[in-house]
Amino acid sequence: MTTIKNVAVVGATGKIGRPIVDHLLASKLFKVTAITRDGGILRDFPADVTVREVDYNSLESLEAALQEQDALVSAMAFEAIHEQKNLVDAAVNAGVRRMIPSEYGNDLLNPKLAAFPIYQPKIAIRQRCERMAAKNPDFSWTTIHNASFLGPDWTLDFIVDVKQRKADIKDGGDVLFCATTYDDIAQAVIGILTHLEETANRPVRISSVNTTQNELITIAKELGATDGWDLTYSKTEDLEIEALQRWAKGDHSDEVIAMFINRAFIGHGWGGYFPVRDNDLLGIKGLNRDELKAIVKLAIER
C-alpha cells in the first residue's frame with residue numbers, strides 16, 4: 001500500500017477530533033486538512049492546517065474537498081453519524097486510500113450490540129465501507145474500538161462522578177472494562193496510518209487502562225474523597241430491558257441512550273472489555289495506576 005501523507009479530518013474541533021489533529025501535526029508525518037461546514041470555527045488551528053468548507057449533503061462538494069487526500073479520519077459526533085454516508089462515497093470517488101469512520105466506543109462486531117438501535121447508524125456506515133472496499137481494492141477502512149472514553153470531563157462523570165461523589169454501581173461494580181484517553185485514540189490513528197497493511201479492513205481494539213467502577217471509587221477515596229458518597233445499585237440486564245421498552249415507545253432521550261451504553265460497556269461479555277488489543281502495534285503505551293490516579297485527581301479538583 002501507498003504511504004499516507006495527506007490526511008483529512010472531519011469533526012476536527014471536537015473532543016476526539018482536536019487531539020487527532022494535534023497528534024497528526026506533532027508527528028510531522030502528515031499534512032492535515034480540516035473538513036468542516038463552518039470554516040470560522042477553526043480559527044484557532046495552526047496556520048499549517050488547511051481548512052476546506054463543505055456541504056455534507058453534496059457529494060460534489062465533498063469530492064472536491066477530498067481531492068489529493070490519502071486518508072480520511074472522521075470524528076463526527078454521535079448525532080451526525082448518518083452524515084458519513086456521503087463521506088464514504090466521496091472518499092472512494094476522490095481516491096482516498098484509507099478511511100477511519102466515526103465508530104469510536106464499543107466493539108460493534110459483538111453480535112449482542114447489533115440489536116441496539118443506538119448503534120445502527122454506526123454499523124450501517126461500517127458496512128458501507130465494507131461494500132466499497134470489496135468493490136474498490138484501492139480503498140480500505142479501519143474502525144477504532146476503545147470502549148469507554150477516559151477523561152475528567154466525561155468518563156468520571158458518566159461512570160463514577162468522583163467530584164460529586166456519586167455513582168450508580170452496575171452489576172456489583174467489579175466488571176472489568178476498557179477505558180481510553182483521547183490522546184491514545186489519536187495515537188491509534190497515527191498507528192493505523194503507519195501500519196496500513198496490518199490494519200486494513202478491520203477494527204482495531206485499544207485501551208489506556210482496564211478498570212472497574214469499584215476501583216475508581218477506591219482511588220478517589222485514596223485521594224481524599226472519603227465521605228458523603230451517594231451510591232445506588234442496578235443491573236445492566238434490567239437497564240437493557242427498560243431501554244428497549246422505552247425506545248420502542250418513542251423515548252429516545254439521553255437517559256435511555258445511557259442505559260444502552262451502560263449495558264454495552266459494563267455488561268459482562270457485551271463488548272466493553274477486549275482481552276486482545278492492538279496497543280503494541282499502534283504504539284499505545286497505556287496508563288499505570290499512578291497515571292490513572294492523576295486523571296481521577298483532576299476530575300476531583302476541576
Return the sequence-ordered ³J(HN,Hα) values of region 54-62 in whole Hz as given by the Karplus equation 6.51 cos²θ - 1.76 cosθ + 1.60 applied to θ = phi - 60°, using x for Gly and Pro.
9, 10, 5, 8, 10, 4, 4, 4, 5
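Sort largest first and round to whole Å: the equivalent ellipsoid semi-axes of region 161-293, each the square root of five times a Cα gyration tensor eigenvalue. Don't skip to the answer; put the middle values down first.
Numbers: eigenvalues 167, 103, 27 Å².
Here the semi-axes work out to 29, 23, 12 Å.
For Met76, Met99, what's the fewest-to-most ordering of other Cβ within 10 Å of each Cβ?
On the way: Met76 21, Met99 26.
The most exposed by this proxy come first: Met76, Met99.
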Determine the dipole magnitude for region 94-221: charges of +1 sit on the beta-carbon of Lys and Arg, -1 on that of Asp and Glu, nothing else is charged, the reference point is the Cα centre, and the result goes in debye to the nearest 20.
400
Quick calc, the chain, dipole around Cα centre from Cβ unit charges on Lys, Arg (+) and Asp, Glu (-), nearest 20 debye, gives 400
Bins of 5 Å, beginning at zero and ending with the bin holding the largest distance: percent of Cα pairs per bin for region 242-298, please.
4, 15, 13, 13, 19, 14, 9, 9, 4, 0
The size of the Cβ-based charge dipole (Lys, Arg +1; Asp, Glu -1) of region 4-75 about the Cα centre, to the nearest 20 debye, is 320
Within region 231-269, which residues have the backbone N less than 20 Å from the label spot 7 Å out from His82 along Cα→beta-carbon, could you tell me?
244, 246-258, 260-261
How big is the C-alpha Rg of region 1-97 next to the rule-of-thumb value 2.2 N^0.38 Å, as a ratio?
0.99
So Leu281 and Ile123, fully extended at 0.36 nm per residue minus their Cα-Cα distance, gain in nm 54.4 nm
For the chain, the spread of Cα positions along each principal axis, largest first, Å:
57, 42, 37
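If packing is taken as the average count of other Cβ atoms within 10 Å, what order do 60-69, 217-226, 181-190 fall into, highest mean first?
Working: 60-69: 18.9, 217-226: 15.7, 181-190: 23.6.
Result, highest mean first: 181-190, 60-69, 217-226.
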Gyration tensor on Cα atoms of region 22-163, a ≥ b ≥ c root eigenvalues, a/c under 1.5 rounded, else prolate if a/b beats b/c, else oblate, says oblate
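Roughly speaking, what is the stretch gain from Arg289 to Asp254, that is 0.36 nm per residue apart minus the C-alpha to C-alpha distance, in nm to one decimal?
On the way: separation 35, 0.36 × 35 = 12.60 nm, distance 3.13 nm.
That pair, Arg289 and Asp254, stretches by 9.5 nm at full extension.
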Of every Cα-Cα pair in region 161-215, the percentage lying beyond 19 Å is 48
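In Å, what Kirkwood hydrodynamic radius results for region 111-238 from the alpha-carbon pair distances?
On the way: mean 1/r = 0.0587 Å⁻¹.
Its Kirkwood hydrodynamic radius stands at 17.1 Å.
Read-outs: derived from the displayed coordinates by stated rules, not from any lab. Remember, predicted model here, so these are calculated numbers, not experimental data. Reconstructed Cβ throughout: ideal geometry from the backbone, glycine too, with neighbour counts over all protein chains shown.
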